[in-house]
Amino acid sequence: MKETVYVETSVLSYLTVRSSNDLRAMANQNTTTEWWETRRPNYSVFASDLVISEASRGHPEASRRRLAAIADLPLLQGIGKTKILENRCVYRKLTPCQPWREAPTCSISENVRALTKALIESHALPEKAEADAYHVAIAAVNGVAYLLTWNCTHIANARTRPKIETTCRIFGYEPPVICTPLELMEP
């Protein structure tokens, strides 16, 4: 079984944006394209309703390219009120500490919202980064192995990772490994 990856919106932006003259941005674009073309087949890759919402914003042509890149990706349960469908959600082994297992009336969406709130209240992520907290919560609640992002300000950050991991574990979720495409290049 392939390991799972949740693709956060910043990865799509680097994947589909026109070439940059900035050396760092150009390197990130090249790395993202290489990962997408050569490493992505090694993983089960997912997006979410939040990724679709964010990718839909901005210039219409840029939005079209971002949405086209993820058109074939299954969606994880996120902030919407949808039923859990076998082909649209990552399933993991259940353990007694998983809140949604203990409370069968509680949907994954409710757990995503609760974990998002906890990530902000615990100062793992700042209040202004609520969407970033949702990305982390979507990946954690769905049991995804890796959260792929270029958001090094709030998500893939050495100072925030330990706080994110602690908060996820307090809520009974194994946190995803938060990394950039460069960090996930090794076979």
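Observations on the model:
- For segment 33-80, the set of residues classified as surrounded by fewer than 20 Cβ atoms within 10 Å (Cβ to Cβ) and assigned to a loop (DSSP other than H, G, I, E, B) consists of S56, R57, G58, H59, A71, D72, L73, P74, I79, G80, listed by residue number.
- Whichever residue in segment 1-32 is within 20 Å of A68 (Cβ to Cβ), hydrophobic (A, V, I, L, M, F, W, C) and not in a helix (DSSP H, G or I) and, among such residues, is modelled with the lowest pLDDT: V17
- Pairs where the first residue, in segment 114-141, is under 16 Å from R169 (Cβ atoms) and the second is of a type in the set (D, E), C-beta under 8 Å, 6+ apart: T116/E130; L125/D132; A140/E174
- Pair list, Cβ < 7 Å and 6+ apart or interchain, from segment 151-180 residues that are of a type in the set (G, A, S) to residues that are surrounded by 15 or more Cβ atoms within 10 Å (Cβ to Cβ): A156/T149; A156/I178; A156/C179; A156/T180; G172/Q98; G172/P99
- Cβ pairs under 8 Å, 6+ apart, first in segment 1-26 and without any contact (Cβ under 8 Å) to a residue 40 or more places away in the chain and on the phi < 0 side of the Ramachandran plot, second surrounded by fewer than 21 Cβ atoms within 10 Å (Cβ to Cβ) and assigned to a loop (DSSP other than H, G, I, E, B): M26/S19; M26/S20
- Top-ranked residue of segment 100-130 - restricted to ones that are exposed (fewer than 13 other Cβ atoms within 10 Å of the Cβ) and outside any helix (DSSP H, G or I), ranked as modelled with the lowest pLDDT: A103
- Residues of segment 155-172 satisfying the condition of being in a loop (DSSP other than H, G, I, E, B), over 13 Å from the mean Cα position of the chain (by Cα) and surrounded by 18 or more Cβ atoms within 10 Å (Cβ to Cβ): T160, F171, G172
- Out of A133, A145, one residue alone is within 29 Å of A25 (Cα to Cα), modelled with pLDDT of 95 or more and in contact with a Leu (Cβ under 7 Å, 6 or more places away or on another chain). It is A133.
The values are calculated or read from the model by the stated rules, or taken from the named source; none is laboratory data. This one's a predicted model, so the numbers in the text were calculated from it and none came from an experiment. Here the Cβ is made from the backbone with ideal geometry for all residues, glycine too, and neighbour counts use every protein chain on show.
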